[in-house]
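This report concerns only the one structure given below.
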Amino acid sequence: MIFNGRSVGAAGSVLIALGAFGAGATLRHGPVLSGQVRTLATAVLYLGLALLLMAWVRLGHSTRAGRTSAREVVRTAWLWCVPLLCAPPLFSTDLYTYLAQGAVAHAGLDPYTHVPAEVPGPITANATGDWSYISSPYGPLHLLIVKSVLAVTGENLALGAFLTRLAMAAGLALLCFAVPVLCRHLGARPEGALWLTVANPLLVLCVVSGGHNDLLMAGLLAAGTAFVLSHTPVAGFAAVALAAAVKVPAAVALPFLVWVWAARRSGGPVSPRGFFAVCAAAVSIVVVTFGLCTVVAGVDLGWIRALSGNSRLEPWLSIPTAFGKLGRAVLPGSVDAVAACRIAGWVALAVLVTWLWWRSRAGGAVAVRGAALALLATVVLAPVVFPWYFAWPLVLGAAAAWTVPRIAVASAVSTWLVVSTHPDGATLLPPWGFAVLAVVSAGVGVLTAYGPEKRTRTDRFSCDSLSQPLRR
């Protein structure tokens, strides 16, 4: 049964990859396809997507019934991902933006003060929209990777995109290693947590296929957290520092991991002296690691100034931005509603993360759960949010014990996040498309909760996190 589900998903992945050559984020200056070919490619892609979703739901039933091991889930995830690595990216054009920003660094310019439009050429020509005029908001490790890829591939954009995605896919390997380790400390069953993370269509289609650096960031974050929980805090904080050197939101987890280290070191309640000693050690590790990445990449700390570069974007997934856009529609011209709501969002985020951090003083699994919630708050309250950002809290939160209803909600939301964007990453869905995706997403959630197996009181992917104490 699991073999059939794996094969159906693999067939779906192949169809999606084939459809991506006509309906995905293809090269702007590549071969021009006719409208009929694009329509056919889109139909093939969505047929493959339907097969992949069916296979994913079936895989979830199999993990719940105990018929599928964690190793089989990992093999299935890689089987689904490999065809997509060889096709144009899906649901986003960010991969081409990465390369364009890397071209700035490769040309000897500071990517934190210069923009791709200043370096005309085939690489920068594929940066879409305003991204040609936005400096890089990413960390030094990300720039080092992309600059190194371009040093090998030159102006071969297709090869550069492939090698960049291959480098980011190292994050998937790190997740396959780290998630089972996290489960041993947080209480979930590894096969269920892996199903919800590495085999999730949100990661497979948006993050892996899209070539997002969020994959490498999430993999390093999960691995670093696993190291800290497993009594190797130096390696753990270094890994999380590397994650922040890819994309800075990973740093949100660092204060929570200080509690984990301090509680483990003291063997009981954390004393002020022990806390500050751990803080000093953690800060030293992070500064040295981040500093080495910065020096090797040949850049400075200009990414701090560049973080606000994408603030001109106003996606609806951001709660403050959404409220601001509604306010602007109701009261046009009175105040800058978006800016005001975003400031309120930053204040709310600071208060919420501080509260979560203070409640995580017990360390251990409590602190990791606090970090996952803090990352979720960071996603929804940040000024700019995209679907793949939800992978940040998912990779830590999935290792905690969830009941089937919560898993069903997560599967529905994951599906909605995937299909809420057109495959080319630039075209909006028509109004009827949003209605269809709502029905499809709800259907995936219902099918996840009520499979062919008869449910019992213990029919869960993991133990109930509310009824059982968390391990320290």
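Points to keep in mind about this one:
- Sorting the segments 411-423, 320-332 by their mean number of nearby beta carbons within 10 angstrom, highest to lowest, gives 411-423, 320-332.
- Where [x] 0.96; [y] 0.90; [z] 1.02 are the candidate values, the label of the one calculated here for Cα Rg over 2.2 N^0.38 Å is [x].
- Rounded if a/c under 1.5, otherwise prolate or oblate - the stretch 198-247, Cα gyration tensor axes: oblate
- Highest mean first, the peptides 344-354, 371-381, 89-99 sorted by other C-beta atoms within 10 Å per residue fall in the order 89-99, 371-381, 344-354.
- Under the span-like rule (Cα at least 27 Å along the axis, Kyte-Doolittle mean at least -0.5), DSSP H helices of the chain: 2-23, 35-64, 272-297, 337-358, 431-449
- Its relative contact order, with pairs defined as Cα atoms under 8 Å and 6+ residues apart, puts the chain at 18 percent.
- Overall, the stretch 50-166 carries a charge dipole of about 840 debye about its Cα centre when +1 sits on the Cβ of Lys and Arg and -1 on the Cβ of Asp and Glu, all other atoms neutral.
- Note: relative contact order over the stretch 143-234, using C-alpha pairs below 8 Å and six or more positions apart, is 34 percent.
- Neighbour net charge for F275 - beta-carbon separation under 12 angstrom, K R +1, D E -1: +3
- Euclidean distance between Cα centres, the stretch 141-189 to the stretch 273-287, Å: 28 Å
- Taking the stretch 198-341 and dividing mean pair separation by its residue count, relative contact order in percent (alpha carbons under 8 Å, at least six apart): 14 percent
- Percent of Cα pairs in the stretch 75-119 per distance bin of 5 Å, from zero to the largest separation: 5, 20, 20, 14, 12, 13, 9, 6, 2.
- Convex hull (Cα only) mean projected area of the stretch 219-353, reported in nm² to one decimal: 10.3 nm²
- Counting every alpha-carbon pair across the stretch 93-179, the share separated by more than 20 Å comes to 29%.
- Helical runs assigned H by DSSP (4 residues or longer) give the chain a calculated mean residue ellipticity at 222 nm of -21000 deg cm²/dmol, each run adding -39500 (n - 2.57) before division by the residue total.
- Rg and Dmax of the stretch 376-446, Cα atoms only, in Å: 13.3, 38
Only the coordinates and a few stated rules stand behind these numbers; no lab work does. Being a predicted model, the structure only gives us computed values, none of them experimental. Using ideal geometry, Cβ is built from the backbone for each residue, glycine included, and neighbour counts are taken over all protein chains shown.
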